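Heads up, the thing below is written out as structure tokens.
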Amino acid sequence: MMKTEREFELAKQQLSKLTELYDTQMGELKAKGLSEEAAKSSLSSSWTYAMQCREEIELYEKLKQGKLPPMNHFSTKGKYFVAARIARGMTQRELAEKLGVKESAVSRDERNEYHGMSVEKMDRLAHVLNLKVLISA
């Protein structure tokens, strides 16, 4: 999951390169006599990676617009907290300031998807991100 504008810009560049490479390779395979179906099959893993990259870019763009999908869209609560920060229009630096920690601490926590986060940290983070934490049985 992309966490910063820099990662977003790099992903867009990567997708552009992947698409261009795919088109080039498709043309080369067809020129060698492969059918379109056989060429697509040969390049399926590259295409799958490109589509995953596109999905990540689209998610980041939606988050930047303030559109936060429901929690069940994410595989972990850590990814949801990252997504909520992005959807709230906050940089890691701004979140760190609001939490009273260093930017490097937020970067590290996000890189680790807040693994092992204490209840106190989750509560502070949820408060700053204007989220409600619901614990149920």
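Given the residues Gly116, Gly78, Gly89, Gly100, which is the only one that is closer than 22 Å to Glu61 by Cα and out of contact with any Asp or Glu (no Cβ under 9 Å at 6 or more places or on another chain)? Quick ask: steps written out before the conclusion?
Working: Gly116 fails: closer than 22 Å to Glu61 by Cα; Gly78 fails: out of contact with any Asp or Glu (no Cβ under 9 Å at 6 or more places or on another chain); Gly100 fails: closer than 22 Å to Glu61 by Cα.
Residue meeting the stated conditions: Gly89.
Which numbered condition in (1) at positive phi; (2) assigned to a helix (DSSP H, G or I) is the only one that Gly89 fails?
Result: Gly89 fails condition (2) only.
Residue check: is Asn72 more than 26 Å from Arg6 (Cβ to Cβ), among the polar types (S, T, N, Q) and either part of a helix (DSSP H, G or I) or touching a helix residue (DSSP H, G or I) at 6+ places or on another chain (Cβ under 9 Å) (or both)?
Working: more than 26 Å from Arg6 (Cβ to Cβ): yes; among the polar types (S, T, N, Q): yes; either part of a helix (DSSP H, G or I) or touching a helix residue (DSSP H, G or I) at 6+ places or on another chain (Cβ under 9 Å) (or both): yes.
Yes: the conditions hold for Asn72.
Could we say that Val101 is in a loop (DSSP other than H, G, I, E, B) and either in contact (Cβ under 8 Å) with a residue 40 or more places away in the chain or more than 16 Å from the chain's Cα centre (by Cα) (or both) here?
yes
Consider Leu34 against the criteria (1) more than 25 Å from Ala96 (Cα to Cα); (2) part of a helix (DSSP H, G or I): it satisfies all of them except one. Which criterion is unmet?
Of the numbered conditions (1) more than 25 Å from Ala96 (Cα to Cα); (2) part of a helix (DSSP H, G or I), the odd one out for Leu34 is (2).
Please identify the pairs in which a residue from the stretch 18-46 that is free of Cβ contacts under 8 Å to residues at least 24 places away in the same chain has its Cβ atom under 9 Å from the Cβ atom of a residue that is of a type in the set (Phe, Trp, Tyr), counting only partners at least 6 apart or on another chain.
Once the first residue is free of Cβ contacts under 8 Å to residues at least 24 places away in the same chain and sits in the stretch 18-46, its partners that are of a type in the set (Phe, Trp, Tyr) give Lys40/Trp47; Leu43/Tyr22.
Say whether the condition of being loosely packed, with under 14 Cβ neighbours inside 10 Å and either in contact (Cβ under 8 Å) with a residue 40 or more places away in the chain or within 21 Å of Val128 (Cα to Cα) (or both) is met by at least one residue in the stretch 80-89. Don't jump to the end; show me each part of the working.
The initial filter retains those residues of the stretch 80-89 that are loosely packed, with under 14 Cβ neighbours inside 10 Å, namely 89.
Still in the running and either in contact (Cβ under 8 Å) with a residue 40 or more places away in the chain or within 21 Å of Val128 (Cα to Cα) (or both): 89.
Within the stretch 80-89, one or more residues are loosely packed, with under 14 Cβ neighbours inside 10 Å and either in contact (Cβ under 8 Å) with a residue 40 or more places away in the chain or within 21 Å of Val128 (Cα to Cα) (or both).
Computed from the coordinates by the stated procedures, all read-outs in this text should not be read as laboratory data. Computed from a prediction, not measured in an experiment: that's the story for all the values here. Note that each Cβ is placed from the backbone with ideal geometry, even for glycine, and that neighbours are counted across all protein chains shown.
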